Amino acid sequence: MGRVQDKVAIVTGGSTGLGKATCMLLAAEGARTVIADIQDELGAGVAAEIGQSGGLAYYYHMDVTAEDQVKEVCADVFTRLGSIDILVNNAGITGAPKPTHEITVAEWDQVLGVDAKGVFLCTKHAVPYMKRGGGGSIVNISSVYGIVGGMDVPPPFLYHAAKGAVRLMTKSDALCYAKDKIRVNSIHPGWLWTPMLENVGKDSTEGPEEFHKRILSRVPLGHYGEPSDVAYGVLYLACEESKFSTGTELVIDGGYIAQ
């Protein structure tokens with residue numbers, strides 16, 4: 001307990017799945033946790049659940065692709081809570097299930113907007129407050145598909161391109177802000193049982209049962225990960241236990257890309 005005691009943590013996409021698990025864990029470890037999302041009812045519910053458990057949490061409506069909203073939320077959090085110590089860039093979408101030659105510019109812009117531009121905007125507006133506080137930790141949620149290619153999840157190019165961008169943005173920002181004592185690391189989850197994965201299975205042309213059978217056949221540990229598996233990785237990179245880690249890639253994938 002208390003691994004991030006009294007730290008202020010902003011988690012984007014914090015209303016469901018991995019984001020919710022991260023918010024719950026950071027709050028349980030003492031962080032004053034800001035849930036930033038566009039799903040207002042779900043996000044407020046997470047804040048209420050944390051409060052009922054004795055933690056401190058605040059919900060903010062924030063579209064990570066809208067710079068004015070990101071700027072306003074970061075400013076309000078700093079004014080209200082006195083610091084921004086941790087930023088978890090988790091918000092993400094998979095996009096339309098199409099091959100590259102069928103993807104429209106609008107579909108490209110949507111996925112890159114949330115998955116890559118969102119990381120850029122949140123980092124841009126959180127960093128000045130971290131500098132004022134003498135440092136901080138940024139954890140970017142990429143994917144195993146930010147490291148390797150694959151045809152397991154549609155669309156293969158859009159999602160991979162976005163998550164690959166997050167991976168290299170992480171390394172560049174780690175070098176840029178090391179002098180400011182701001183650490184920047186990325187996490188690369190494999191297949192986790194989340195609402196996003198459930199929806200991908202439902203939308204699969206082969207049907208959910210065959211989809212999950214095929215995916216699990218490629219995971220050496222033989223089962224899906226849980227959101228909490230990655231949330232503990234976020235906690236490690238957010239707290240002082242990882243004080244000598246920046247620009248690193250933490251892969252949590254059941255052995256998927258070790259093959």
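Here each label is just a point 7 Å from Cα along the line to Cβ, and for Thr205 and Ala178 those points are 4.6 nm apart.
Round to the nearest 10 and give me the degree value, 0 to 90, for the angle of helix 156-177's Cα axis relative to the longest principal axis of the chain. For helix 156-177, the angle is close to 30 degrees. Here the stretch 116-237 is treated with +1 on each Lys and Arg Cβ and -1 on each Asp and Glu Cβ, and its dipole about the Cα centre works out to around 820 debye.
For the stretch 197-259, the alpha carbon convex hull comes to 112 Å³ per residue, rounded to a whole number.
With the cut-off at 25 Å, tell me which of the pairs Lys98/Lys171; Lys7/Lys124; Lys20/Lys131; Lys117/Lys213; Lys171/Lys213; Lys71/Lys117 have Cα atoms farther apart than that.
Lys98/Lys171; Lys20/Lys131; Lys117/Lys213; Lys171/Lys213
The magnitude of the dipole of the chain, with charges of +1 and -1 set on the Cβ of Lys/Arg and Asp/Glu and taken from the Cα centre, is near 920 debye.
What separates the Cα centres of the stretch 232-259 and the stretch 20-45 is a distance of 20 Å. Near the amide H of Tyr59, within less than 5 Å, lie the amide hydrogens of Ile35, all on another chain or at least 5 residues away, with H placed in the peptide plane. Using a simple spin-label model with pseudo-atoms 7 Å out from Cα toward Cβ, Ala106 and Glu41 lie 2.6 nm apart. Ordered by the number of other Cβ atoms lying within 10 Å of each residue's own Cβ, fewest first, Cys122, Cys239 fall into the sequence Cys239, Cys122. Among 180-191, 48-59, 90-101, sorting by the average number of other beta carbon atoms lying within 10 angstrom of each residue, highest first, gives 180-191, 90-101, 48-59.
Summarising the amide proton neighbourhood of Leu192: residues at separation of 5 or more, or on other chains, whose placed amide H is nearer than 5 Å comprise Gly225. Can you grab the distance from the C-alpha centre of the stretch 56-82 to the C-alpha centre of the stretch 145-220, Å, no decimals? Their Cα centres are 26 Å away from one another. In this label model, Ala48 and Arg80 are separated by 1.7 nm, measuring between points 7 Å along each Cα→Cβ vector. On full extension, the segment bounded by Ile93 and Glu72 gains 5.3 nm, given 0.36 nm per residue less the C-alpha separation. When only Cα pairs below 8 angstrom with a gap of at least 6 residues are kept, the stretch 101-259 shows a relative contact order of 27 percent. Each residue of the stretch 133-150 is assigned a 3J(HN,Hα), and the resulting list reads x, x, x, x, 9, 10, 10, 9, 8, 9, 5, 4, 7, x, 10, 10, x, x Hz, derived from the Karplus form 6.51 cos²θ - 1.76 cosθ + 1.60 (θ = phi - 60°), x at Gly and Pro. For Leu87, the residues 5 or more places off, or on other chains, whose built amide H falls under 5 Å of its own are Ile10, Ser137, Ile138, Val139.
I'd like the orientation of helix 40-52 relative to the chain: the angle between its Cα long axis and the longest Cα principal axis, in ° from 0 to 90, rounded to 10. The two axes meet at around 60 degrees.
Where a number appears in this text, it was derived from the coordinates with a stated rule and is not lab data. The model shown is predicted, which means the values in this text are computed figures rather than measured ones. With ideal geometry, Cβ positions are generated from the backbone for all residues, glycine too; neighbour counts draw on all protein chains shown.
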